[in-house]
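My structure is below; once you've seen it, I'll send some questions.
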Amino acid sequence: MESGVADPQHGCHWPVLASIAADGAPDARTVVLRAAVRQRRELQVHSDAQAGKLAQLARDPRACLVLYDGAARTQLRAHGRMRVHQGDAAAALAWQALPAHSQALYAGVQRFALLVLSIDSLDWLLIDPAGHRRAGFAWAGETLSARWLAP
Ligand SMILES: Cc1cc2nc3c(=O)[nH]c(=O)nc-3n(C[C@H](O)[C@H](O)[C@H](O)COP(=O)(O)O)c2cc1C
């Protein structure tokens, strides 16, 4: 995930963010992974503050980021709750760190939102011709439980 932040050639640069629509239906879209903060188990994404996903996440913050590193044939599904920062200090910091060409994608800082996923659980899948391997990781506070799901 950390490698994917800086490198647009890395599969993890382009995760899919899934959220829950008002009627309970699933929704998903491609985004850019902007930061991965290992110590806090956080993944960060940027969005237009008026995009549909913001209303969905305000209603239900449960979200999933799906990342696929093709070179490593590895899929990661990160589940957790999404915090939305808009018009606060965290959003301002993220905005200031953006290059001008990225800022230009937004109609000003007031339309910019920083989304922060706090990871509660992670599903790791390695596609291996010799047999797929899959593991699950879940955190309760700082306590990690990990188990093999396959084989
Ligand atoms: C390659 C690619 C990268 C994208 N990156 C982002 C992104 O970082 N943030 C974002 O909000 N939308 C991004 N989009 C657009 C979203 O996929 C989506 O169309 C848009 O956010 C509106 O979705 P929503 O109405 O569910 O909020 C990207 C789309 C593509 C194809």
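Where a number appears in this text, it was derived from the coordinates with a stated rule and is not lab data. Remember, it's a predicted structure, so these values are computed and weren't measured experimentally. Cβ coordinates were reconstructed from backbone atoms using ideal geometry, including for glycine residues, and neighbour counts include every protein chain displayed.
When only DSSP loop residues count, what trypsin sites (Lys or Arg not before Pro) in segment 56-119 have their Cβ near at most 16 other Cβ atoms within 10 Å?
Answer in residue order: ARG73.
Just grab the label-to-label distance for GLU142 and SER121, each label 7 Å out from Cα along the Cβ direction, in nm (one decimal).
Using points 7 Å along Cα→Cβ, the separation is 2.3 nm.
Pairs of Cα atoms under 8 Å, at least six residues apart: use those to get the relative contact order of the chain, whole percent.
Relative CO of the chain lands at 20 percent.
Which distance in nm do the two modelled labels at HIS132 and ARG29 give, with both placed 7 Å along the Cα-to-Cβ direction?
2.8
When averaged across all projection directions, what area in nm² does the alpha-carbon convex hull of segment 2-150 cover?
The number I arrive at for segment 2-150 is 9.8 nm².
Further question: In the neighborhood of ALA135, defined by Cβ-to-Cβ distances under 12 Å, what is the net charge if each Lys or Arg adds +1 and each Asp or Glu adds -1?
Around ALA135, the charge tally is +3.
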